[in-house]
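Here's the structure, in structure tokens; my notes come after.
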Amino acid sequence: MIEQKINEFFGDSESTGLGTGWWSGILSAFLGFLSFGGVLCLHFPQLLSSPELRPHYPMHTMRVLIQCLIVGAILFGVISSILRKKKILALTGMLLAIAATALGGSSVPINETQHGGLAIGLDWFLLDLFLMALIYVPLERLWPQYPKQGTFRNEWTLDVVYFMSTHLPLQILSFLVLLPATQATKYLGVPVLQVFIARMPWLLQFFLAVVVADIAEYFIHLALHKVPFLWRFHAVHHSSKALDWIAGSRSHFVDDTLVRGFILAPLMLGFSQSIILAYLIFVTLHATWTHCNFGPNAKWLEKFLVMPRYHHWHHTSQKEGIDKNFAIHFPWIDKLFGTYYYPDLWPERYGLDGEEISPNFIGQTIEPFTKRKRTP
């Protein structure tokens, strides 16, 4: 219902192709939202910005970025308002940019004394949203496997809520919660193993970490499918009837906690903090890509690295693909354990097979704790 209202408010029946003012309107609203959020972070850094990231920000660069976002929102808003009859998107973007400017824009001084403590993490949400959209939306629009799907397909707002839930309040499930967790390598690490691995070239250490993490994730992923109680939580991730870059964000917090903890545990035994952080960046980018609505494929690479079509078969509701392709990075792991399935075609259907779950975020969060059996 909310998604329908949003689509009706901002959308219209005109063409959404390039040159129609639709994408310039989207860009205006998107950049305006980012700029307004960025200015709020400058005003309230202690509350809104993440303690883990504050010391590492190149503030001059960040201020330039915010200023560029403001200018971009206004520029694209003007273009959209000229090209398109309905001007809600353009006006929204320009109003947000004007509001950001009125609040001081990129020149807002930071007067608060910075220290640790609980923070909302709006800065990481905005940065991640900006970078992910910048990377993956153009790929999906230029080379989509399913051209009719569109960026704003059914349930896109639900996945935006999931994306927010892993970044905002309390940072319980966000990428940031894993950063301080890597400090545990000081206490859980096996010195002999750490020294042995540290003597390897950095790239070899990184590759070995990816292999260890993927094998660990294979088994927890398998358990999430095979153990009925765990499947209740993992079913949320498989409920998407269409895949794209943001669909991968749909995941119950219990599912996320189990997977991330199961991966980190073996990595902490022998790998340095820098290697673990590098892996976390890699898995975020790669896992997002494998959910993309992206058609092109590299035949030479698909034998060694999980590609979008490979992981899409894991999400299919077609019988032949159910409970296959559990590996996240390396297809040979599935070959090793007999769960490999990779036909030349793409799946025709996605989602759950004969099973219904709540259609909203609150219901999907609460429902797995109640008694619900997986349909055979």
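The values are calculated or read from the model by the stated rules, or taken from the named source; none is laboratory data. Computed from a prediction, not measured in an experiment: that's the story for all the values here. Because the Cβ atoms are built from the backbone with ideal geometry, glycine has one as well, and the counts that use them run over all protein chains shown. Heavy atoms of the whole protein, side chains included, go into the accessibility calculation; ligands, DNA and RNA do not. Shrake-Rupley method; radii C 1.70, N 1.55, O 1.52, S 1.80 Å.
Taking a threshold of 26 Å on the Cα-Cα distance, which of the pairs Lys87/Lys241; Lys299/Lys335; Lys148/Lys319 fall above it? Cα-Cα > 26 Å for Lys87/Lys241; rest within. Using r as the Cβ-Cβ distance of Ile2 and Val192, and R0 as 41 Å, what FRET efficiency do you calculate, to the nearest 0.05? After rounding to 0.05, the efficiency reads 0.15.
Over all other residues within a Cβ to Cβ distance under 14 Å of Ser28, the charged ones net out to +3, with Lys and Arg as +1 and Asp and Glu as -1. Per the Kirkwood formula applied to alpha carbons, the stretch 189-341 shows a radius of gyration over Rh ratio, Rg over Rh, of 0.97.
Which value, in Å³ per residue, describes the convex hull spanned by the Cα atoms of the chain?
Details: hull volume 59.3 nm³, N = 376.
Looking at the chain, the number lands at 158 Å³ per residue.
So what is the diffusion coefficient of the stretch 28-74 in µm² per second by Stokes-Einstein at 10 °C and 1.306 mPa s, using a Kirkwood Rh over Cα pairs? Walk me through the intermediate numbers first.
Working: Rh = 11.0 Å.
Estimated via Stokes-Einstein, D reaches 144 µm²/s.
Shape descriptor for the stretch 1-79: Rg over Rh equals 1.10 (Cα atoms; Rh from the Kirkwood inverse mean 1/r).
Short-range pairs are left out: with C-alpha atoms under 8 Å and at least six residues apart, the relative contact order of the chain is 15 percent.
Solvent-accessible area assigned to carbon and sulfur over the chain amounts to 72 percent, based on a 1.4 Å probe.
What accessible area per residue comes out for the stretch 250-367, rounded to a whole number of Å², with a 1.4 Å probe? Can you show the working numbers first?
On the way: 5020 Å² over 118 residues.
Ligands and nucleic acids excluded, the figure is 43 Å² per residue.
Students often check this: by mean Cβ neighbours within 10 Å, which of 77-87, 34-44 ranks highest, and how do the rest follow? Provide the component values of the computation, followed by the final result.
Values: 77-87: 18.0, 34-44: 22.6.
The peptides rank, most packed first, as 34-44, 77-87.
Ranked from largest, the principal axis spans of the Cα set of the stretch 59-103 equal 39, 17, 10 Å.
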